[in-house]
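K.L.:
Input: one structure, supplied below.
The values are calculated or read from the model by the stated rules, or taken from the named source; none is laboratory data. Quick caveat: nothing in here was measured; it's all calculated off a predicted structure. Cβ atoms come from the backbone with ideal geometry, glycine included; neighbour counts cover every protein chain shown.
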Amino acid sequence: MLAMADKDWYRARNQIAHGVTGVNIRKVDVTRYRNYVQGFAERFDGAVRRHVRGLTGSDPWLSIQARAGNSTPRSGPTKRCSSL
């Protein structure tokens with residue numbers, strides 16, 4: 001779980017994104033937040049990919065791990081959906 005409260009994260013993130021100087025945030029908090037976002041992105045990517053595979057019968061893209069070279073590529077034919 002994140003050390004900072006959600007509202008504090010949103011406030012700090014928005015201040016940084018909009019160029020506010022003097023935002024007080026620690027590196028450990030940024031690292032925790034980045035790891036949280038990365039984990040969420042991987043889970044969401046997998047969920048959407050599995051759902052599309054269930055509808056079409058094939059993976060629409062490689063997993064985040066496969067794209068990063070962290071796992072073996074999937075086997076079997078791959079159909080690309082050109083309408084998306």
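K.L.:
Are any residues in region 51-67 surrounded by 13 or more Cβ atoms within 10 Å (Cβ to Cβ) and part of a loop (DSSP other than H, G, I, E, B), and if so, which ones?
P.N.:
Those that are surrounded by 13 or more Cβ atoms within 10 Å (Cβ to Cβ) and part of a loop (DSSP other than H, G, I, E, B): S58, D59, P60, W61, L62, S63.
K.L.:
I've got another one for you. Which pairs have Cβ atoms under 7 Å, sit 6 or more apart or on different chains, and link a residue in region 6-22 that is within 17 Å of Y36 (Cβ to Cβ) to one that is at pLDDT below 90?
P.N.:
W9/L2; W9/Y33; A12/V23; A12/I25; I16/V23
K.L.:
Take region 5-48 and flag every residue that is β-branched (V, I, T) and either more than 30 Å from P60 (Cα to Cα) or exposed (fewer than 10 other Cβ atoms within 10 Å of the Cβ) (or both).
P.N.:
I16, V20, T21, V23, I25, V28, V30, T31 - these are the residues of region 5-48 that are β-branched (V, I, T) and either more than 30 Å from P60 (Cα to Cα) or exposed (fewer than 10 other Cβ atoms within 10 Å of the Cβ) (or both).
K.L.:
Output the qualifying pairs, or none if there are none: Cβ atoms under 7 angstrom, residues six or more apart or on different chains, first residue in region 26-47 and free of Cβ contacts under 8 Å to residues at least 24 places away in the same chain, second residue in a helix (DSSP H, G or I) and surrounded by 10 or more Cβ atoms within 10 Å (Cβ to Cβ).
P.N.:
Going by the 7 Å Cβ cut-off, the qualifying pairs are A41/I64; E42/I64; D45/I64.
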